[in-house]
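First the structure, in the form of structure tokens, and then the observations on it.
The values are calculated or read from the model by the stated rules, or taken from the named source; none is laboratory data. From a predicted model like this one, the values you see are computed outputs, not experimental measurements. A quick note on method: Cβ atoms are made from the backbone with ideal geometry, for glycine too, and the neighbour counts reach across all protein chains shown.
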Amino acid sequence: PCELAVLSHDFHCVCNYFFLYDGSKVRGEADPTRDGICYFYPEETPLDKQELLCGQLAGVGRCVSELSSSPARTFRLRRNKFAIRMKDDFFWALGCSVDVPTVSVSEFLDQLIDLFCFYNGPVRQSYQLNSQETLAAQWARYLSHLQSGSSELSHIFSCLKTIDSTNVDPLLLLKAALILQACQRCPLVLAGCILFRGRVVSTQMSPGLTMKVMIHESETYTKAQRPNGTSASSSFSGTVSSTTVFLTAPELQDLQSAPVDKGFRCCPTTPQRDGPSKKTRLSRTLSDTPSPESQVSNPSLSKPPQKASLSPRLSDSDVFSPASSHSAANSLNPSPQSLRFLSNGENTVEDEAEESRSRDSTGGRSQIRSEGDGSVFEEDSHLNGGEVEGAFGGVFEFQAVESGNEQPHDDKVVEEDSRVSRGSVSGHKAGKSDPPALLPPPHRLSDASEENALIPMTLYMHRVKGLVLALLVEPHFMSDAASMEEVYHSSLASLNGLEAHLRTISPGAPGGPGPYTFAHFDCIQSTLTTNLSGRSGGAWDQPFVRATSLLHSHFCNTETLQEAIIRSACTAVYGTRSVAQETYFQQNGGSLRNSGIPNHQDSAFSLPSKARHRLLKHGVNLL
Amino acid sequence: MKCLLIASESAEMLFYWTDLEFQQNIQKQYGFPAFEDSISTLFAPIIISFSTMVTEADSYTSFTTENNHIYVLHQFDECLYIAVNGDGEEKEEDLRRKIYVMNKMIEVLFGMVTLSGNLLRKELRARDTEQRLRLWKHLQSLLETYSHLRENDQSFLVEAVERLIHPTLCEQCIEFLERRLVQQINSSVERGGEEVLHAFILVHTKLLAFYSSRNASILSTSDLLALIIMAQNMYPSNVDVDDPSPEVQSGDMFILSFCALLCRACSLSFVSLFFTSPEKPVRGSTPVFEFVDPDIQMAEDSLSTLEVYPPDPATPHKVFLEVSQKDGLYPMMPHSMYCLKLWPGITLVLLTKFPHSGVAMSVYTFWEAFAKLEKRLNEGQGGSTRGQPMHEVRSKLDKFLKTLSSQLQNVWTEFKNRAFSRGGPGFSRDLILWCKNMKTQLCGIYRQCFLSDSGPDDTPRHLSPGLRERAQTMVQEQLMDWKDFLLVKSKRNITMVSYPLSDFPGLVHFICVDRSSGQMIAPSLSITERTTSELGKGPVAQYIKNKMWSLVSTTRHYLQKGYSTLTLRDGDFYFCYFLWFENETGFKLEAKDIPIMPDDSAPIGMLAQNYYRKLLRYYSKNHPGETVKCYELLTVHLGVIPTEIILQHCRQLASKLWEPSRNPLL
């Protein structure tokens, strides 16, 4: 009979092991296990230890997945907790300390694999095209990015790092959102985000996508290491760069659909592994209110092009190779991408034209609505309501000040018109003949193909010192000098201004333990607000972090759970959640002496009301 | 989709149990003619990988898959247990608990033999197929009985004994057991050298009366719960008969075939008594549990099935229980267990001591000494062990061996030559192997004395059948008038009606547990169609029941992480959990930090690996000389009730329940 063991807690080291193992390379008895190891972290691990872990875990993974007719998901050992992914012959394992919640480890691994696919395309294909060393550097880079400098809490929630909005003038956030909207006026720009020193200022993309884009800003990453697909544009004095990225079909649909249609589009989809894509895209900035572009590409209109373009994309050989993705920009040889672009562009062009017209006339806003042709537009305007108009107002004023130059628009309109006439007759026709809206969402591909379908896009980056404007653009944007110039010049001045303002803001000094500690997680935007000092290790933080991690897991696993108070002898933590948020609150200091017996005068039970009052000033409303 | 198996390090199947779905699934994948071959082939890579990882100082504790299958692995000595669930009915924690309970049952059945992997392997996988099948069936049925109780019985949910609340009757029974029954048996010449230590009466799973003789040690809650499982396995109660779960049916098949046997062999009265419950034949008509294992099939075909079952339910079972004496704790000391059925649902259990049980204590003491020495040598403290303890053991063991002649003597001589002779290597690492040898030999002696059918001497060591029958009749006469009342009472032990609505508005359910005595009180949660509880019938009651079950598992999870108070707002309900300590006078002691344990530590409970005993010991360190008591309270309220009121209710319940004078129930 031994005493109860007391476990020490150490969240600091997030990832103990990570490896990718290719089972297809180790088929025969004689094949050494090392042949299958594509990447192993930590890289200095002795090879026999690597072989042992890969061999054993992959072997057991195969055995378990056979027994259960389903891929293995997690392996727990006494000292490590592994998230597992098995796909085709690949076997991924990410090992963390056993104290990290299982949900968080799994999310971490998903993010890692998604990041890799985002920048490199399908895994099998990238290993065919690139050397193992090159890709090892990629894995290492993503791994270090995901682990870098964030607090324990941010690992628990896998949240986006945002600038501390309490320290920033809201007008600056508005300005950032307007810059993004202005960029989106170029039809080749899908969506964008603005980052400052590794933190999000404003984003139009889903949290998952924003997270992927952010790695480009990572300081640990130097340009010399970039293997492929990246090019610095000479004409913009080295501040602009671009790289090929790969979006999943749902991600792309997300970007192309107006937020208003989101609920309608998301519901009937088959459950996806991809966490962030489940979440609805919302933004606290104005940037998400429907812009003319996104309205146009609503489901009923964008459906036919999708139908046309996605089927050929399924064959890896001709579409997925970087070569073909580059050639996509070539409009003389319409590959699926350009086909789709053209049909999208066509709609956009009409809209652009409308807009220029409306801008010419003085009473612009209302005219946009009235001039919208066809029933689809009218429906949209009903749905969008009045807020949209306000947003438009913002856009116009902003543009009048910042860009002022409308010439590029007109130029492009002409250019695109000519392309449209060449390219997308069928798409256009289908678009007109389709009954509007209220149909099942745009043809979903079957499960398997949907997962495999990765659509090449381009990530455009414009850096102004610590500030980065990142835009997801159609692949041929980079070859379209006019569009590039337009986006570059329309945003340059305002980016400079924004950077100058953000630079002067001093980060709030992290104080010692205040009278209370809280963490507020916005599940929709994936953002975390907390008064915990970012640096881990504060002894007073540990109990709070531990309780939060437990409660977060509990909330994740129990849908009906709304609030909880948990208390040990020294701490009491209150957690509450709604569909959109999770909030955790702990009262510091003061004596918590109690006997543990139920007592309504116990301070632990007053936590909910205290949290309600105290957190109001942090913008957290629990009422 | 459920499975539990035990394998040796060399991937030899020592025991398995599967439900029908799992079995069909395996058969579909690997169509070996013998099911056992399929299952061992499929699991072999996992078992071998487990051993490989152990040598790397880490080992698997669980796997999950994308379709939410769960695998839990745990090694006890040299036996690897694997439990699988693929139907979402059990969580990881439940599977781990099942593994620990299975291990506990094996300890109760095999005693110190479990301390030697080699010997246990021989026991579990007997060469004789028939013997093996008999044992496996018995273990399978115990496991099913346990699973059924855990899923349906609140006392097995929280792992504490539930007493029937009827102080007068209880007192009368205890007096009867003491003055008449136990005294009469222990003074009879027909007792065959055995001595009744404990006697208790069960009504279904609830305890009516418990008596321990003066020179008996306390029966631990863990052992008592294990014995209740065994008694239930022998005489499954029909409380939940209109809610048949496939789990119990195999147990029933066991009973039915057993009944068929009895029809031929025994008095008709017993059989008619057995069939008084109308549900039995109905259930027999739909046998669900069918083994396709050709071995078993063959056995069944050759009618040897009839011998697979013990010939007489009154035959005592050897059980190995913990004995605490002044000089220490002796786990797994041999006892005989007599389970005498008074009426369906009411059972008298007698626990007797063997005439030679002193031998068991000596063997255990020696075993412990060698185990300690081995541990010290492993830790590299060889030099310092040349001290007193082993010399003391030496003289005692020399004396002990004079009465026994066996292989042990040779090993001991060899050990002495190495350890004590001048020229020998002394207490060095080389001795570790000899420590292991000695331990195995000691377990062998133990097995020979207490487990094999022929004991050290051939005198019958059981209470004679006549004596047993008399005991049965005596208690039957005593309880005749109470019988029906008891059966009803056991279903409605206390009800929420006893808690006036004006006192506790909004209180839906509660469980209160005294962890020091291992007892619990809770309103009955009857969810069957026929019996209507205050919670109503069917879905609502079932919902509350499910919530209660998941609440208990949640509280355990938080307790494992050091949180002793918990309140949850979940759906339309508000749940509270409190754990606290008191001294003997009822003074509430200040809360102290509770140890934080890893996820894969032993399950929190009292049946296997008594967590609360350890917790009490841990807490008592700061209260020397004081008797510390530990209590738990779980409540379910309607969510609309203000939290303050809920907490007041909890406080009232906590203070009232254990004070008989103020207990509204008594």
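Can you confirm whether segment B:625-645 contains a residue that is over 28 Å from the mean Cα position of the chain (by Cα), at the interface with chain A (Cβ under 7 Å from one of its Cβ atoms) and not in a strand (DSSP E or B)? Within segment B:625-645, one or more residues are over 28 Å from the mean Cα position of the chain (by Cα), at the interface with chain A (Cβ under 7 Å from one of its Cβ atoms) and not in a strand (DSSP E or B).
Could you say whether any residue in segment B:538-555 is assigned to a helix (DSSP H, G or I), within 8 Å of another protein chain (Cβ to nearest Cβ) and surrounded by 18 or more Cβ atoms within 10 Å (Cβ to Cβ)? Yes, the conditions are met somewhere in segment B:538-555.
Within segment A:110-140, the only residue that satisfies the criterion of being without any contact (Cβ under 8 Å) to a residue 40 or more places away in the chain and closer than 30 Å to residue A:547 by Cα is A:113.
For segment B:556-573, filtered to residues that are of a type in the set (Lys, Arg) and under 27 Å from the mean Cα position of the chain (by Cα), the residue that is nearest to the other protein chains (Cβ to nearest Cβ) is B:561.
For segment A:55-95, the set of residues classified as more than 9 Å from every other protein chain (Cβ to nearest Cβ), touching a Pro at 6+ places or on another chain (Cβ under 9 Å) and in a loop (DSSP other than H, G, I, E, B) is empty. In segment B:100-204, counting only helices (runs of 4 or more DSSP H) that sit wholly within it, the ones holding 3 or more residues that are at pLDDT below 95 span B:117-124, B:129-152, B:167-176, B:183-186.
Tell me which residues, restricted to segment A:96-112, are of a type in the set (Asp, Glu) and assigned to a helix (DSSP H, G or I).
To start, the set of residues in segment A:96-112 that are of a type in the set (Asp, Glu) comprises A:99, A:107, A:110.
Passing the criteria: A:107, A:110.
For segment B:597-615, the count of residues that are in contact with a strand residue (DSSP E or B) (Cβ under 9 Å, 6 or more places away or on another chain), more than 8 Å from chain A (Cβ to nearest Cβ), assigned to a strand (DSSP E or B) and among the hydroxyl-bearing types (Ser, Thr, Tyr) is zero.
If we scan segment B:209-219, do we find a residue that is crowded, with 23+ Cβ neighbours inside 10 Å and touching a strand residue (DSSP E or B) at 6+ places or on another chain (Cβ under 8 Å)? Within segment B:209-219 (the criterion being crowded, with 23+ Cβ neighbours inside 10 Å and touching a strand residue (DSSP E or B) at 6+ places or on another chain (Cβ under 8 Å)), the answer is yes, since at least one residue qualifies. In the set (1) under 23 Å from the mean Cα position of the chain (by Cα); (2) within 9 Å of another protein chain (Cβ to nearest Cβ), the condition left unmet by residue B:42 is number (1). Residues in segment A:131-174 that are closer than 30 Å to residue A:37 by Cβ and not in a helix (DSSP H, G or I): A:131, A:148, A:149, A:150, A:158.
Restricting segment B:45-86 to residues that are touching a residue at least 60 places away in the same chain (Cβ under 8 Å), of a type in the set (S, T, N, Q) and facing another protein chain (nearest Cβ under 9 Å), the residue that is surrounded by the most Cβ atoms within 10 Å (Cβ to Cβ) is B:61.
Could you pull out the residue among B:168, B:145 that is surrounded by fewer than 20 Cβ atoms within 10 Å (Cβ to Cβ) and of a type in the set (S, T, N, Q)?
Details: B:145 fails: surrounded by fewer than 20 Cβ atoms within 10 Å (Cβ to Cβ).
After applying the criteria, what remains is B:168.
Against the condition modelled with pLDDT under 95, surrounded by fewer than 18 Cβ atoms within 10 Å (Cβ to Cβ) and either at the interface with chain A (Cβ under 10 Å from one of its Cβ atoms) or over 23 Å from residue A:106 (Cβ atoms) (or both), how does residue B:89 come out, does it pass? No: the conditions fail for residue B:89. Considering only residues in segment A:556-590 that are more than 13 Å from chain B (Cβ to nearest Cβ) and not in a strand (DSSP E or B), the one that is farthest from the chain's Cα centre (by Cα) turns out to be A:590.
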